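The values are calculated or read from the model by the stated rules, or taken from the named source; none is laboratory data. For clarity, every value in this text was computed on a predicted model and none was experimentally measured. Every residue, glycine as well, gets a Cβ built from its backbone with ideal geometry; the counts of neighbours run over all protein chains shown.
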Amino acid sequence: MRGITKRFGAFTANDDVTLGLSPGEIHALLGENGAGKSTLVKMLYGLLAPTEGEILWNGEPIKLANPNAARALGIGMVFQHFSLFDNLTVAENIALVMPKAERLEDVPAKIDQISRAYGMGLEPNRPVWSLSAGERQRIEIARALLQDPKVLILDEPTSVLTPQEAEKLFETLDRLKAEGRALLYISHHLEEVKRLCERATILRRGKVMGTCDPQIETARSMAALMVGTQIAEVRAAGKHSLGKDRLVVANLNAPSPTLHGVALKNVSLSVRGGEVFGIAGVAGNGQSELFASLSGETLANEAGAILIDGKPVGTLDISERRALDAGFVPEERNGHAAAPDFTLSDNIVLTGHGSDGLTQAGFINGAKALEKSQKVIAAFDVRTGSPDPLARTLSGGNLQKFVVGREILREPALLIINQPTWGVDALAAATIRQALLDLCARGAALLIISQDLDELFEISDRIAVIHTGTLSEALPARSTTREAIGLLMAGMGEGDSHAH
Amino acid sequence: MRIDLEARAQRSTLREILAPVGAMIVAIIIGGIVVSLMGISPIAAGNVYFIEPLSQSYSLQAIAVKATPLVLIAVGLTFCYRANLWNIGAEGQFIAGGALGGWLGLLTNGGAMQDTLGGWWILPAMLIMGALGGVLYGLIPALLRIKLNVSEILTSLMLVYVAQLGLDWLVRGPWKDPAGHNLPVSVNFDPEATLPILFDGGSLHLGVLLAPIVVIIAAIVFSKTLFGFQVRLVGSSPRAARFGGFNDSTIAIAAFAISGGLAGLAGVIEVSGKIGQLIPSISPGYGFSAIIVAFLGRLHPVGALIAGLVLALTFVGGEDAQIALHLPGDMTLAFQGVLLICVLAADVLARYRLKFSMGAAA
């Protein structure tokens, strides 16, 4: 790709980007959210057309009108979010995107062949809903490989994998590289890039900041190129005194809310004031169900299953739990933590209407809501285009800072937060983690559910793992290895020997 | 060739306000074409439909009188539709209100129940009973939806026919005027049970004043109160609403109660202010036309007021066109249907752009 520029109106997403891919290399594309990585690869995959510049294929300029044209040339892509139908089998999902001439009966044999060649262990006739995230991702990769691509683009492929699953993916990628294919690997995770890639192109605000050899650079120096400023190391939790139990969960059981959901089984934990309790786990193992039970969006059968500051709250709703100084931040920003078509000040009212003088006799105090939202915007450096924009116009990182900041400024005694920095750029993630630790140092109890092990090890005092709705014993973060947590995440903890 | 709908990156307030205006223009053009195919000059028809009613005092009054039920019902429907509840049974709630309120008019007929207190209490009580009838009738689909998860679209629509046939039976049976030559009509209400006319010789009655008052209150509730916030939130982001601690069942009950109550109020105003007795059919389809009013008014109370006047114009113009041009009365309903389709299409085009692309689907 040479001199690629892409403009959307007045906004320049990519500015004179040049990027070369050679056969037999894994090339990293690094950048923060909004740096222009997705726009760039969409042009390479024929989903967007460049405003200026050209794409060269073996030296010849080419025009990619649509993804079909890209696939015909031999460019494949594995997207960050899976596009699979849960109720169909592996083979049916793959057959959906095959040329019309292919027959469904022939697909399983082809999948077997690919699966064996790359050690993917796919069973063509399993329904997708019964598979783990790692297996689902392998379907996506197999789907791309059936087209025999020369170039394969992978967008944040490890974001939902356990360390062991990620290692398995890396072996597959190494094998693809050895076959002489060119891989473009998009990631935030600098350690992975160091593990896999010989070259890395770093984008910031649509411009190439440089190309480097990840084997030589340190993770910190690459991160500095990515975000433009040196990221301060998050201050360690340090030695602050632990208070009394703020949150106690005792033998919480909850049936699965949906057909493919997860039931919670005998979940017990306790979090003290001044403590960060981390819950690790692969996505879809009961995290959202646990969050819903703790927040009160799903009520427990027994009041005593959940205690906040010693008070049984299992049958109280979310507003009543908020009134006991609890704060909640769910995983999904748009549509759950915030109403996307409402302004930021309206979104202050969303969780603050029961307190803070935001309502008087049923009327909303709009001025007060605006004042509070301005406070959050200022305190958490939320970048907005106008003073009180609609929530959905904010980028992911900025909206996340807003919904976390909204709760933190209420000074909760207990904060329960699901995936605090998911899909958020490094700078915003550091801001959020620091704010969480500061809140904890002021005596609040924090329960953090996260898929990001680095994050949990960085800020937690104790870590437990959730797997198929069961919570493991909490382990002290200082004296536990990533491998031990990784095994628990894969369901291979002690006393739980059955494989998944 | 393939046509795709592509979401527009920016929502534009101007585009959303202009969308219904553009829809009106397209609907008028389509109406003109249909009329000219029937051998009538579209210019003359346009004149009869839209210009003449606006130029005479009696027809202006008629527009206000017809707009009153449309606006009242549409404001109520706005609450339902904003909360993503599809009440299309306002016609039935209108009839239920008219019947229950009108019943009091029948009970007090001929000075009955007025010996001790006099007659001052009858009109307010009729209005309250009318609203109550609509509330109770509207709560049926709401409760069925909450308790048994039955689609409110089906139940509210089917209950319209129950109400229509119920009133028909009442007027032909128990409520029939014994001295009415066996016609299916009730007795005429006493003056104490009739909404007074505002100006001598006109048709403008006291009920007309209620519509703007309701619009103002609803607009304030909608934009300034926590309840209005909840209604908008439940419809726009149900999951965020639950996270906020708002109960969507409560909102569903409240929205249907408001919607039914305003439709019932409109019903009793129509019966007491305009008809003056109970007859088998008290509505020319106000409850259905109000659906168009609600959407044409951008699901906003003030918009409903404007849209209600526009739709009332098509009713009055349609009546004039029947007389002057011998156009069938159903033309009015057909035109309203075309208008609704155009409004909904314009809504889509305000949010998405059409993208034409060559080649097969990816």
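Any idea which residue in the stretch B:81-124 is surrounded by the fewest Cβ atoms within 10 Å (Cβ to Cβ), counting only those that are among the charged types (D, E, K, R) and modelled with pLDDT of 90 or more? Don't jump to the end; show me each part of the working.
Of the residues in the stretch B:81-124, the ones among the charged types (D, E, K, R) are B:82, B:91, B:115.
Of the ones still in play, those that are also modelled with pLDDT of 90 or more are B:82, B:91.
Numbers: B:Arg82: 21, B:Glu91: 26.
By that ranking, first place goes to B:Arg82.
Suppose the filter is closer than 30 Å to B:Ile220 by Cα and either out of contact with any helix residue (DSSP H, G or I) (no Cβ under 8 Å at 6 or more places or on another chain) or modelled with pLDDT under 95 (or both); does A:Ser319 pass it?
Values: closer than 30 Å to B:Ile220 by Cα: yes; either out of contact with any helix residue (DSSP H, G or I) (no Cβ under 8 Å at 6 or more places or on another chain) or modelled with pLDDT under 95 (or both): yes.
Considered against the rule, which asks whether it is closer than 30 Å to B:Ile220 by Cα and either out of contact with any helix residue (DSSP H, G or I) (no Cβ under 8 Å at 6 or more places or on another chain) or modelled with pLDDT under 95 (or both), A:Ser319 comes out as yes.
Which numbered condition trips up B:Ile275, out of (1) assigned by TED's automatic domain parsing to the domain that holds B:Gly97; (2) more than 16 Å from B:Phe50 (Cα to Cα); (3) touching a residue at least 40 places away in the same chain (Cβ under 8 Å)?
Failing condition for B:Ile275: (3).
So, in the stretch A:341-388, of the ones that are among the polar types (S, T, N, Q) and over 14 Å from B:Ser223 (Cα atoms), which residue ends up nearest to the other protein chains (Cβ to nearest Cβ)?
Residues of the stretch A:341-388 that are among the polar types (S, T, N, Q), as a first pass: A:343, A:345, A:347, A:351, A:355, A:359-360, A:365, A:373-374, A:384, A:386.
So of that shortlist, the ones also over 14 Å from B:Ser223 (Cα atoms) come out as A:347, A:351, A:355, A:360, A:373-374, A:384, A:386.
Details: A:Asn347: 8, A:Thr351: 6, A:Ser355: 11, A:Gln360: 10, A:Ser373: 15, A:Gln374: 19, A:Thr384: 15, A:Ser386: 12 Å.
Among residues in the stretch A:341-388 that are among the polar types (S, T, N, Q) and over 14 Å from B:Ser223 (Cα atoms), the one nearest to the other protein chains (Cβ to nearest Cβ) is A:Thr351.
Within the stretch A:1-111, considering only strands (runs of 3 or more DSSP E) that don't extend past its boundaries, which have at least 2 residues that are more than 28 Å from the chain's Cα centre (by Cα)? I'd like the intermediate steps shown before the answer.
Numbers: elements: A:2-8, A:11-17, A:26-31, A:52-57, A:60-62, A:75-78.
In the stretch A:1-111, the matching strands (runs of 3 or more DSSP E) lie at A:2-8, A:52-57, A:60-62.
List the residue pairs whose Cβ atoms are under 6 Å apart, where the first residue sits in the stretch A:53-74 and is more than 16 Å from A:Met1 (Cα to Cα) and touching a residue at least 60 places away in the same chain (Cβ under 8 Å), the second is surrounded by 15 or more Cβ atoms within 10 Å (Cβ to Cβ) and not acidic (Asp, Glu), and the two are 6 or more positions apart or on different chains.
If the second residue must be surrounded by 15 or more Cβ atoms within 10 Å (Cβ to Cβ) and not acidic (Asp, Glu), the pairs left are A:Arg71/A:Gln147.
Quick check on the stretch A:174-190. Is at least one of its residues under 26 Å from the mean Cα position of the chain (by Cα) and polar (S, T, N, Q)?
Yes; the residues of the stretch A:174-190 include at least one that is under 26 Å from the mean Cα position of the chain (by Cα) and polar (S, T, N, Q).
Give all pairs with beta carbons closer than 9 Å in which a residue from the stretch A:156-172 that is outside the structural domain of A:Ser115 (by TED's automatic domain parsing) meets a residue that is at pLDDT below 80 and among the aliphatic types (A, V, I, L, M); count only pairs at least 6 apart in sequence or on separate chains.
Sorted first by the residue in the stretch A:156-172, then by its partner, the list stays empty.
Can you name every residue in the stretch A:461-488 that is over 13 Å from A:Leu290 (Cβ atoms), of a type in the set (A, V, I, L, M, F, W, C) and part of a strand (DSSP E or B)?
Of everything in the stretch A:461-488, those that are over 13 Å from A:Leu290 (Cβ atoms), of a type in the set (A, V, I, L, M, F, W, C) and part of a strand (DSSP E or B) turn out to be A:Ile463, A:Leu475.
Considering only the stretch B:218-324, give the helices (runs of 4 or more DSSP H) lying wholly within it that have at least 2 residues that are within 14 Å of chain A (Cβ to nearest Cβ).
Numbers: elements: B:226-236, B:238-243, B:248-269, B:286-296, B:301-324.
Counting at least 2 such residues, we get B:226-236, B:238-243, B:248-269.
What tally of residues in the stretch A:311-335 results from selecting those that are in a loop (DSSP other than H, G, I, E, B), within 28 Å of A:Arg272 (Cβ to Cβ) and within 7 Å of chain B (Cβ to nearest Cβ)?
Initially, the stretch A:311-335 is screened for residues in a loop (DSSP other than H, G, I, E, B), giving A:313-317, A:324-325, A:330-333, A:335.
Subsequent filtering for residues that are within 28 Å of A:Arg272 (Cβ to Cβ) retains A:313-317, A:324-325, A:330-331.
From the residues that got through so far, the ones that are within 7 Å of chain B (Cβ to nearest Cβ) too are A:317, A:330.
Going through the stretch A:311-335 one residue at a time, the tally reaches 2.
Can you pull out the helices (runs of 4 or more DSSP H) entirely within the stretch A:342-443 that have at least 1 residues that are within 20 Å of A:Leu324 (Cα to Cα) and either of a type outside the set (D, E, K, R) or in contact (Cβ under 8 Å) with a residue 40 or more places away in the chain (or both)? Lay out the reasoning, then the answer.
Values: elements: A:344-352, A:366-379, A:396-408, A:426-441.
In the stretch A:342-443, the matching helices (runs of 4 or more DSSP H) lie at A:344-352, A:396-408, A:426-441.
If A:Ala300 satisfies all but one of (1) within 14 Å of chain B (Cβ to nearest Cβ); (2) surrounded by 16 or more Cβ atoms within 10 Å (Cβ to Cβ); (3) in a loop (DSSP other than H, G, I, E, B), what's the number of the condition it fails?
The number of the failed condition is (1).
Yes or no: B:Leu183 in contact with a strand residue (DSSP E or B) (Cβ under 7 Å, 6 or more places away or on another chain), of a type outside the set (Val, Ile, Thr) and not in a strand (DSSP E or B)?
Numbers: in contact with a strand residue (DSSP E or B) (Cβ under 7 Å, 6 or more places away or on another chain): no; of a type outside the set (Val, Ile, Thr): yes; not in a strand (DSSP E or B): yes.
Taking the combined requirement at face value, the residue does not satisfy it.
Are any residues in the stretch B:132-182 crowded, with 22+ Cβ neighbours inside 10 Å and among the acidic types (Asp, Glu), and if so, which ones?
B:Glu152
Looking only at the stretch A:189-221, which residues are of a type in the set (Asp, Glu) and modelled with pLDDT of 85 or more?
We begin by selecting, within the stretch A:189-221, every residue of a type in the set (Asp, Glu); these are A:191-192, A:198, A:213, A:217.
Matches in the stretch A:189-221: A:Glu198, A:Asp213.
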